[in-house]
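> Sharing a structure here in structure tokens format.
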Amino acid sequence: MTTADPSPRPVRDPSSTQSMPKSASGGLLGNLQIGTKLALNTALLLVPLGVVVGLVVSQQNQDIRFAQTERGGVTYLVPLSNLLQNVQKHRGASSGLLGGNASFKQTVTDSAAAASTALTQLEAVSKSGDNFALSADIAKLRSDWEALKGDVDKGNITAAQSFTLHTSLISEGVLGIISKVGNRSNLILDPSLDSYYTMNPLINILPNLAEQIGQARGTTVRIAGAKKLTSEDNVNLQLLLRQASTRLEDLQRNFGFAGDANPAVKAQLEAASKQAELDVNGLISLYNTQVFQSGGIKSSAQSLFAAATGPLDNLFKLYNQTSGVLDKLLQDRVSSLQRNQLLTLAFVLAAILLALLVVALIARSITRPVRQLVNVVGRVGRGDLSQQATVSTNDEIGTLARQVNSSIDLLRETGRRNVEELERSKQLQSNIGEFLGVTMDISGGDLTKRGKVTEDVLGNVVDSINVMAEELGYTLKDVRSVAKQVGNGSSSVLTSTQSITSSAENTALATAQVAQDVRDVSQSISRMASDATEASEAAQEALEAASLGQQAVDSTLTGMQSIRREVQSISKRIKSLGDRSLEISEIVDTISRISAQTNLLALNAAIEASGAGAAGSRFAVVADEVRKLAESSSQATGRIAGLIKTVQNEVTEVVASVEDGTREVEEGYRVASVAGERLRELSTIAQISARFAQQISSGATEQVAGVARVGEAVGRIAQATELAKISVLEGKSEAEKLQTLAGQLNENLARFQLPA
Amino acid sequence: MPRVMIIDDSTAELKMMESILISKSYAVTPVLNGEGAEEQIATNRPDIILLDVVMPGRNGYEILRALKRNPTSKDIPVIMVSSKGEDTDIAWGKRQGAVDYVTKPYTAETVLSTLKKYV
């Protein structure tokens, strides 16, 4: 944004975290897949675990190596104890030998050889196993031994010198090496109680104990050789023995601790310590009897040597046995440590595998739904809304999936509505297009065209245009008919102005004519007056004639009335004649019926008679006579009927002619009365005529005056006619203009097609 | 019984409306597409007319205007019955002279209660 900010604000530090793009922190991690991230998580967690396991294993290895080194140290112990044993023997024997006792010679030789063997063994052990940096020490020991052995063999040194040299060789060489072995092979640091208290006797106690007893042996040998016990020797020996006792107690205590710590070795060590106790205490008591009692040393050097050598050899046997026990203990420890290590490794491996499995399952439970969702959403992105997420877990992914599904539904719904809307708008567009065509036609002049009213919003617009076109059409139709009427009207106006003009001219002629006629009329009126007078006189005569005639008519009427009365009575008598004849006719009918029945009876009688035989034949004759009678009776009645008919006919004719006569009389009566009426009317008319004639006569005079006035009026008419003619001509030009306009209007309307 | 004329372009619609009306004792004159409506009015004058709007040929508004112009039929109340149901459609129909308006789809109750107001 480069626009100036009108309200001053504190400037933001561009390096503040707010403005840092968020993607920076997730850049590296953001590019990894979820599965990879989870795997990375697991791997990272495995690292400290691995470190810990590594440390544990390394510690275990350390412990194993420690124990193995100890075992390496233990391998030195037996050669060293053998060496100590034999060097001690050599010392004692040499002391005796160099003191002048040749019986020790064999012992010197044997022990020298044994010592050399032990030394060789020691050297071999040093070469083959752990060196413990003792090569120099061992080499020095070897050279010192060889020198000492040579000196003893050569007899170069005194007994005392030999003893001192032996002692220093033992203490510096052998015991020194034992001590160094103990230190450098970790034996001295043994961590277990049982092996420690087995080792401690071997490294510290037993060698020293043996040495003290050895020194005691040597001293006693020397004392025996000298045959006297100096107070120095006494003190030294006592000291040695006391030291040995203390050492023995230590030994017993150590073995006790070891036995307590490990019941498996308890019995062996107890037995060992018991034996050691016996040996040492036995020796001490022996020395007490044989050396320390006053009275001098009675025993020989040999016996004193032998007295100490037994316990000493036992001690060395004990030593070697204990060394074996220690080695076994160490071996067991190594095995156990190794076993533990394997178990630990196996357990850890199993635990890791199990954990990895669970982690993998959990990871899958995350990645699989996520992948499915990614797939579905990917499809949606490409436009495929047909798939739904099928994830149904209850975690955030499940919630997300449900949201995605409802979004897909919404999209589908929207898409469908969009399609519908598109359809609707397409339809609307097409309707609009159609309608625009119609409006173009309407504007082109065809006012009969109508747009189609459709379902959509356009429908009403179309109908409003339709209404407009309709109304316009009707209006224009009216206009057109009015125009036509105007056109017609103005034509007829023109025609009538023409006729008016011509009739005005006619009127002018006519008025002239009228003036003439007026004069004629005046004359004829005068003539009329005189004629009227004559008519009055004639009327008077007519009146008189009429009254005479009236009298004649009256008498005629009276005569006709009497004739009518006579005729009416004749007619009445004739009618009664007719009635009589009718009565006769009825009687005749009766007779006729009777004769017919008689005839029938006679016939029946004849039939019966024919059946009756001879008696009947007479009856038959009678019956036949009766039948003949009936027949002639019916003939007679027939003739009578005929006569009556004739009479009736003649009566009817007479009646008819009488009625004719009556009618004619009536007619004459009517005519006479009409004539009488006419005569009366005539007289009335004559009277009236006479009056009229009088009036005419008097009126005629007035007429003449009136006619003169008429003449004047006619003159005025002529003037008016002239004026009318002028205004008619003006009207004509107006009518012509109107006609032209009407024609123009029609032309304008011609281009419209209008409704019928 | 009062007579109702119904004008529609669908025979189905005519039948349906007819059945509703006959069940309520109205006499019914159905006229398909409004053809011959004027003749029917002249011979058998209805008391009220139900008129559809969108039809082929003459549409409802045209027929309504023709009815209102004709002195024999201009007093017969006309109710428009149409699926065009916007306010503008209703106002336009009433402007043209209809007395009321029923939108499709309709319920029988609506039609009958609207009819009752004018018959």
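> Collect the residues in segment A:465-474 that are buried (at least 18 other Cβ atoms within 10 Å of the Cβ) and either in a loop (DSSP other than H, G, I, E, B) or more than 9 Å from chain B (Cβ to nearest Cβ) (or both), keeping them in residue-number order.
A:469, A:473
> Identify, from the list A:693, A:718, A:686, the residue that is under 30 Å from residue A:500 (Cβ atoms), modelled with pLDDT under 80 and part of a helix (DSSP H, G or I).
Checking each option against the conditions leaves just A:718.
> For segment A:285-302, does any single residue satisfy the condition of being closer than 25 Å to residue A:328 by Cα and touching a residue at least 24 places away in the same chain (Cβ under 8 Å)?
Looking through segment A:285-302, none of the residues is closer than 25 Å to residue A:328 by Cα and touching a residue at least 24 places away in the same chain (Cβ under 8 Å).
> In addition: Tally time: how many residues in segment A:332-351 are crowded, with 16+ Cβ neighbours inside 10 Å and hydrophobic (A, V, I, L, M, F, W, C)? Spell out the reasoning first.
Let us first name the residues in segment A:332-351 that are crowded, with 16+ Cβ neighbours inside 10 Å, namely A:332-334, A:337-338, A:341, A:348.
Filter again for hydrophobic (A, V, I, L, M, F, W, C), leaving A:334, A:337, A:348.
Going through segment A:332-351 one residue at a time, the tally reaches 3.
> Same structure, new question: If a residue has to be within 14 Å of chain B (Cβ to nearest Cβ) and of a type in the set (Val, Ile, Thr) to count, how many in segment A:475-506 make the cut?
Looking only at that region, the number is 1.
> Looking at this structure, is residue A:248 farther than 19 Å from residue A:164 by Cβ, in the same structural domain as residue A:317 (by TED's automatic domain parsing), buried (at least 16 other Cβ atoms within 10 Å of the Cβ) and over 60 Å from the mean Cα position of the chain (by Cα)?
yes
> If I ask for residues that are over 24 Å from residue A:622 (Cα atoms) and surrounded by fewer than 16 Cβ atoms within 10 Å (Cβ to Cβ), which ones from segment A:586-607 would you list?
Listed by number, the residues that qualify are A:586, A:587, A:589.
> Could you list, in sequence order, all residues of segment A:663-684 that are among the hydrophobic types (A, V, I, L, M, F, W, C), surrounded by fewer than 16 Cβ atoms within 10 Å (Cβ to Cβ) and closer than 11 Å to residue A:543 by Cβ?
Just the residues of segment A:663-684 that are among the hydrophobic types (A, V, I, L, M, F, W, C), to begin with: A:665, A:671-672, A:674-675, A:679, A:682.
Next, from what is left, pick out any that are surrounded by fewer than 16 Cβ atoms within 10 Å (Cβ to Cβ): A:671, A:674.
Those that are among the hydrophobic types (A, V, I, L, M, F, W, C), surrounded by fewer than 16 Cβ atoms within 10 Å (Cβ to Cβ) and closer than 11 Å to residue A:543 by Cβ: none in segment A:663-684.
> Being under 26 Å from residue B:69 (Cα atoms) and loosely packed, with under 15 Cβ neighbours inside 10 Å is the filter here; which residues of segment B:87-117 pass it?
Answer for segment B:87-117, where residues must be under 26 Å from residue B:69 (Cα atoms) and loosely packed, with under 15 Cβ neighbours inside 10 Å: B:87, B:88, B:91, B:94, B:95, B:116, B:117.
> With the structure loaded, tell me whether residue A:121 is among the polar types (S, T, N, Q), assigned by TED's automatic domain parsing to the domain that holds residue A:227 and surrounded by fewer than 22 Cβ atoms within 10 Å (Cβ to Cβ) or whether it fails that test.
In short, yes.
> Could you count how many residues in segment A:435-464 are away from chain B (no Cβ under 11 Å), within 48 Å of the chain's Cα centre (by Cα) and buried (at least 17 other Cβ atoms within 10 Å of the Cβ)?
3
> On to the next question. Return the residues of segment A:361-388 that are on the phi < 0 side of the Ramachandran plot and either touching a Leu at 6+ places or on another chain (Cβ under 6 Å) or not in a helix (DSSP H, G or I) (or both); say none if nothing qualifies.
Passing the criteria: A:363, A:384, A:385, A:386, A:387, A:388.
> Can we say residue A:525 is within 30 Å of residue A:647 (Cβ to Cβ) and surrounded by 11 or more Cβ atoms within 10 Å (Cβ to Cβ)?
no
> Yes or no: residue A:92 of a type in the set (Gly, Ala, Ser), modelled with pLDDT under 90, over 22 Å from residue A:169 (Cβ atoms) and touching a Ser or Thr at 6+ places or on another chain (Cβ under 9 Å)? Steps first, please.
Details: of a type in the set (Gly, Ala, Ser): yes; modelled with pLDDT under 90: yes; over 22 Å from residue A:169 (Cβ atoms): no; touching a Ser or Thr at 6+ places or on another chain (Cβ under 9 Å): yes.
No: the conditions fail for residue A:92.
The values are calculated or read from the model by the stated rules, or taken from the named source; none is laboratory data. Every value quoted in this text rests on a predicted model; they were computed, and no experiment measured them. Counting neighbours? That spans all protein chains shown, and the Cβs are built from the backbone with ideal geometry, glycine included.
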